Amino acid sequence: MRIASIDIGTNTFRILVCELRDKKIKKLYIDRVITRLGGGFAKEGKITEDAARRSLRALKKFAKIIERYKVKRVRAVATSVVRESQNGSKFLEQVKKETGIKTEVISGEEEAQLTVNGVLKSVSVDTKYSVIFDVGGGSTEYVFVKKGQVLGLTSTNLGVVHLTERYLKTDIPSNLYIKEISNEIENVLSFELSWIPIVSPTDLTLIGTAGTPTTLAAIQLGLKKYNPDLVNGFILKRDMLTSTFESLIKIPPQERLKIVGLEKGREDVIIPGALIVLQTMDRFSKDNVLVSDGGLLEGVAYSLIL
């Protein structure tokens, strides 16, 4: 049986087509389109007409893929920006009408749980504890795990699209803007993650998933074409990230696109995204992050077969 999962995110839409074999999935097709569905949300409080048009084009393409692969079961989920938008329900009605794709809005907590399921089937962890964080366009989820068991999770409002629109007013961010974003991230993490107990850094693995960590890995690997097999399991080190970040903030967005591994559509949001990763490392006194290419999309796929 063939199944498909679709992740309707604030910045990126993704689709995964799989074949079910002995309660495991074999990936047949995977693709992503940066739609910036959340573009303009910080100002308007809703999904703009331009963002809806871009997004519908992507979903019409996904609908053709589902038809081409003769998929039997589909689960499409919408996350942060659709949850929060004044016209989120109206947008999903339009999606169903124009593409045939029925979409459910999931909570930040369910998003985090599905992400954990996808991550733990993608990378191996040899420490007692792990913190999995999913850096999204509208929110960032954190999950505290002990030997594969979820002990708690939190969905924060640290979304790279929202932070970009709120703080980055110029092509080359000033020190003041960087400081303001850094302070907000630090304050949110301090408050929202206070429930996570202090454990020895040697007993803890930090695992980053979604567009920001995978893009930062692709930059370090110098990937002209994204390769999930190389990105999955890559270790991001603090000195790498700091060096990359300092290079990025010195040049305008269009110049950043010349950096091998940086995908078009991420040239602005990579700034707050990198800061979230660095601040998360600070929070847990870690100098490295394990990157997982698997996450929400794979978790949604597995939810169809369990």
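What to note about this one:
- Members of segment 54-91 that are touching a strand residue (DSSP E or B) at 6+ places or on another chain (Cβ under 6 Å), surrounded by 20 or more Cβ atoms within 10 Å (Cβ to Cβ) and part of a helix (DSSP H, G or I): ALA58, PHE62, ILE66, VAL82
- Residue identified as buried (at least 16 other Cβ atoms within 10 Å of the Cβ) and at pLDDT below 90 among SER107, SER139: SER139
- Residue that is surrounded by the fewest Cβ atoms within 10 Å (Cβ to Cβ) [pool: residues in segment 286-306 that are closer than 30 Å to MET1 by Cα and out of contact with any Gly (no Cβ under 9 Å at 6 or more places or on another chain)]: LEU306
- Close pairs (6 angstrom Cβ cut-off, 6 or more residues apart or separate chains): on the phi > 0 side of the Ramachandran plot in segment 94-122, buried (at least 17 other Cβ atoms within 10 Å of the Cβ) anywhere: GLY100/ALA63
- Whichever residue in segment 238-285 is assigned to a loop (DSSP other than H, G, I, E, B) and surrounded by fewer than 16 Cβ atoms within 10 Å (Cβ to Cβ) and, among such residues, is nearest to the chain's Cα centre (by Cα): LYS264
- Segment 161-208, residues that are part of a loop (DSSP other than H, G, I, E, B) and small (Gly, Ala, Ser): SER174, SER194, SER200
- Segment 286-301: number of residues that are in a helix (DSSP H, G or I) and of a type outside the set (Gly, Ala, Ser): 4
- Any hit, segment 32-46, residues being in a strand (DSSP E or B), without any contact (Cβ under 8 Å) to a residue 40 or more places away in the chain, touching a strand residue (DSSP E or B) at 6+ places or on another chain (Cβ under 7 Å) and among the charged types (D, E, K, R): yes
The values are calculated or read from the model by the stated rules, or taken from the named source; none is laboratory data. Only a predicted model underlies this, so the values are computations on that prediction, with no experimental measurement involved. Positions of Cβ are generated from backbone atoms using ideal geometry, with glycine treated the same way; all protein chains shown enter the neighbour counts.
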